[in-house]
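In what follows, a single structure is set out as structure tokens and then discussed.
Read-outs throughout are calculated quantities, based only on the coordinates presented, and are distinct from any laboratory measurement. Here the structure is a predicted model, which is why all the values come from computation and not from measurement. Note: ideal-geometry Cβ built from the backbone for every residue, glycine included; neighbour counts use all protein chains shown.
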Amino acid sequence: GQVADVGCGPGHTTALLRELGADTFGIDLSPAMIEIARREHPDARFEVGSMTDLDLADGSLAGVLAWWSLIYIPDESVPDVLAEFHRVLRPDGVLAVGFHVGDEAIRETAGEGDQAAQTYVYHRPPSRVAGWLREAGFTVEAEHLLNPDAPKPGAILFARRPTAAPQ
């Protein structure tokens, strides 16, 4: 089934998944990122959209990938985003979430000159993200810590929308 790369940026991961045979399309909030993605990967589908309000039918996806895209969402909004992912995933659908590990919001500057923009990047403990996933109705199946001794460690959590609601 279809997989949405939510927060796809310039579309590199979407394109890689397509090359590997996945029926993947990208969604990003930034029209500029979608323009770059369409230009660099003309055979792939990309849409402007928000992870807080996906223009997708309930249960329409086999998978959702949030690859370092939740890092831009404030803590108070993450549960709503995960509920939206749960809504669009079909029963037994898979969610993969990659993020920076830590417990702080770091103000970063992206771009240069008149294109520079300041944004907060949220670093979170895997246990917090796993808790939010469970609260949204997911079953957490795996957690992988990346470069735990590096200045900016990462984590990947794999979760699944259960086929039936928990009893």
Checklist entry - What is the spin-label model distance, in nm, from ASP80 to SER30 if the labels are put 7 Å beyond Cα along the C-beta direction? => result 2.2
Checklist entry - What residues from the stretch 126-167 fall in the zone where the backbone N is under 18 Å from a label point 7 Å along the Cα-to-C-beta line of GLU108? => result 126, 146-157
Next on the checklist: Apply the Karplus curve 6.51 cos²θ - 1.76 cosθ + 1.60, θ = phi - 60°, to the phi angles in the stretch 100-106 and return the couplings in whole Hz, x for Gly and Pro.
Outcome noted: 7, 9, x, 8, 7, 10, 10
Item to check | Listed residues GLY98, THR119, LEU61: farthest to the positive end of the dipole of the chain (Cβ charges) | outcome: LEU61
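State the extension gain, in nm to one decimal, for the chain segment bounded by HIS12 and ASP149, taking 0.36 nm per residue of separation less the distance between their alpha-carbons. Let's see the in-between values first.
Working: separation 137, 0.36 × 137 = 49.32 nm, distance 2.68 nm.
Using 0.36 nm per residue and subtracting the Cα-Cα distance, I get 46.6 nm.
Rounded, prolate or oblate, given the Cα gyration tensor of the chain, with a/c below 1.5 counting as rounded?
oblate
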Checklist outcome for this item: To the nearest 20 debye, the stretch 1-114 has a Cα-centred charge dipole, built from +1 on Lys and Arg Cβ and -1 on Asp and Glu Cβ, of 380
Checklist entry - At what distance in nm do the modelled label points of ILE156 and GLU135 sit from each other, each positioned 7 Å from its Cα along Cα→Cβ? => result 2.6
Checklist entry - How big is the antiparallel share of DSSP beta bridges in the stretch 1-102, given as a percent to the nearest 5? => result 5
